[in-house]
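To start, the structure itself, in structure tokens.
The values are calculated or read from the model by the stated rules, or taken from the named source; none is laboratory data. Computed from a predicted model, the values in this text were never measured in an experiment. All Cβ positions, glycine included, derive from the backbone under ideal geometry; neighbour counts span all protein chains shown. Areas reflect the complete protein model, heavy atoms only, side chains present, ligands, DNA and RNA absent. Shrake-Rupley method; radii C 1.70, N 1.55, O 1.52, S 1.80 Å.
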Amino acid sequence: MSLSVKYSPMTLLRNTDLVIAGLCLVILSGITFVSIFTRYFFHEPFMFLEEMQKALMVWITMLSGSACFRYKQHVMVDVIVDMFSPRWSRIMQIMMVAVVTAVLGFVVYYGTKLCLVHYNADRVTNVLHMKVWLIYSVVPVSALAMIYQCIRYELLGLSLAENKEKEIINE
């Protein structure tokens with residue numbers, strides 16, 4: 001059985017966060033290999049690679065979170081919810097969406113404040129002199145995307161996971 005992947009422009013646009021997170025993961029893997037190689041074989045590590053690794057980890061984490069909400073791959077404890085009647089299960093689902101939205105709203109608010117503090121202080125990293133606010137700007141943006149995905153797919157019932165990803169994979 002062979003799988004072919006179809007990359008339509010809409011599929012790539014809809015999965016921008018996943019594509020960027022994937023590219024960041026590939027770059028992170030490459031620079032980690034280079035970092036290990038230089039550290040153990042030449043005994044001279046490249047100091048700038050550590051800064052890049054930290055920044056890429058933030059981007060991978062936040063962008064992947066948005067994709068996880070979209071494809072319903074996030075951590076769920078639905079054993080208790082399944083024990084109730086459909087009506088009560090729906091009420092509990094709405095309450096969980098409200099709690100998740102509140103927590104992510106907190107992340108948006110304080111992530112934005114963090115970015116503004118770093119922007120106003122014109123803070124840069126030590127070695128590469130990257131703008132710190134650019135590194136952390138992904139936090140509020142991805143949290144907003146997670147709120148959108150959560151509301152859209154949990155409350156409105158529009159689940160891409162149930163669609164079996166027909167747009168992406170053709171057998």
remark   = Going through (1) closer than 18 Å to Thr16 by Cβ; (2) open to solvent by 40 Å² or more (accessible area, probe 1.4 Å); (3) outside any loop (DSSP other than H, G, I, E, B); (4) at pLDDT below 85 one by one, Glu167 fails only at (3)
message = Looking only at segment 58-93, how many residues end up being more than 30 Å from Leu134 (Cβ to Cβ), in contact with a helix residue (DSSP H, G or I) (Cβ under 6 Å, 6 or more places away or on another chain) and not hydroxyl-bearing (Ser, Thr, Tyr)?
response = 2
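Residues that are modelled with pLDDT of 85 or more and open to solvent by 90 Å² or more (accessible area, probe 1.4 Å): find the helices (runs of 4 or more DSSP H) completely inside segment 27-133 holding 3 or more of those. Spell out the reasoning first.
Details: elements: 47-70, 79-82, 86-120.
The helices (runs of 4 or more DSSP H) meeting that bar are 86-120.
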